[in-house]
Amino acid sequence: MDALDVALLEPSDDWLASLPFEYTGRRIAMATLGEARCLSRPAFVKPPSDKSFPAAVYASGCCLPTGPELSLDVPVQISDVVTWAAEFRLYLLDGEVRTGSQYATFGRLDAERLDGHRYEDAVLKFADDLLATYGGSLPSAVVVDIGLLATPEHGATDQWAVVEANMAWFSNCYAADPDQVLDVVLRSAGPREQMTERDRRFCHVIEDTHLAR
């Protein structure tokens, strides 16, 4: 993308792990693949941004993929295993939700517009609370996935939590408004000369990209 002079914005690898429990609903830690191989319990393990191995629940560290391309120093994200009753993708621009979509229920693809959804108010309230405190730690154009936990802590009726943050230019829009999605994508992958000073720390050089995951 350097040859095209395009600035690709992406959240920092440790953003999710830096959030407090009230926003994640589970323990999350950054580690290396070598450290993750020492796990003796089931955990959800994934590369924070790339696709070097499948993001999945692994029964223990010895079940993690191996191969010459997987260095023990590769960064990984380790999370407690939880069940999501519903998951939503939100497209954010300048700290505001521009559009969104449900994309899964209980781990199964189930795309539905956020506009008019029965959880719309709850999703937007949680997003507003999150962005009021942690919006400054995200790029100006980004995707944040949030979800409703199927087994809330401490008997709560509903517990909303952040699933993860993603690059807007590398994310499936599902049932979100495509015009609003495009506004966010164009900011997240725009001309380098138009990048704002606040976004410089989120600009990364990526040599090869494949759109939509």
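Side notes on the structure shown:
- Scope the stretch 44-79; condition touching a Gly at 6+ places or on another chain (Cβ under 9 Å) and among the aliphatic types (A, V, I, L, M); matching residues: Val45, Leu72, Val74
- Checking Val143, Val123, Val162 one by one, the residue that is more than 17 Å from Ala176 (Cβ to Cβ), surrounded by 14 or more Cβ atoms within 10 Å (Cβ to Cβ), assigned by TED's automatic domain parsing to the domain that holds Asp183 and β-branched (Val, Ile, Thr) is Val162 and no other.
- For the stretch 46-55, the set of residues classified as surrounded by fewer than 17 Cβ atoms within 10 Å (Cβ to Cβ) and either more than 21 Å from the chain's Cα centre (by Cα) or modelled with pLDDT of 90 or more (or both) consists of Pro54, Ala55, listed by residue number.
- Residues satisfying the stated conditions in the stretch 16-44, i.e. assigned to a strand (DSSP E or B) and among the hydrophobic types (A, V, I, L, M, F, W, C): Ile28, Ala29, Met30, Ala31, Ala43, Phe44
- Candidate set: the stretch 110-146, residues that are without any contact (Cβ under 8 Å) to a residue 40 or more places away in the chain and among the hydroxyl-bearing types (Ser, Thr, Tyr); chosen: the one farthest from Leu19 (Cα to Cα): Tyr119
- Looking only at residues of the stretch 1-45 that are among the small types (Gly, Ala, Ser) and more than 15 Å from the chain's Cα centre (by Cα), we find that the one that is nearest to Val57 (Cα to Cα) is Ala43.
- Among the residues of the stretch 61-78, not a single one is closer than 30 Å to Asp179 by Cα, touching a Pro at 6+ places or on another chain (Cβ under 6 Å), at pLDDT 95 or above and part of a strand (DSSP E or B).
- Selected residue (only one of Tyr134, Tyr58, Tyr91 is touching a Ser or Thr at 6+ places or on another chain (Cβ under 6 Å) and at pLDDT 95 or above): Tyr91
- Exclusive hit being closer than 22 Å to Arg201 by Cα and out of contact with any His (no Cβ under 6 Å at 6 or more places or on another chain), set Asp73, Asp94: Asp94
- Restricting His117, His204, His210 to residues that are touching a Phe, Trp or Tyr at 6+ places or on another chain (Cβ under 9 Å) and modelled with pLDDT under 95 narrows the list to His210.
The values are calculated or read from the model by the stated rules, or taken from the named source; none is laboratory data. These numbers come from a predicted model, not from an experiment. As a convention, Cβ positions derive from the backbone with ideal geometry for all residues, glycine included, and neighbour counts pool all protein chains shown.
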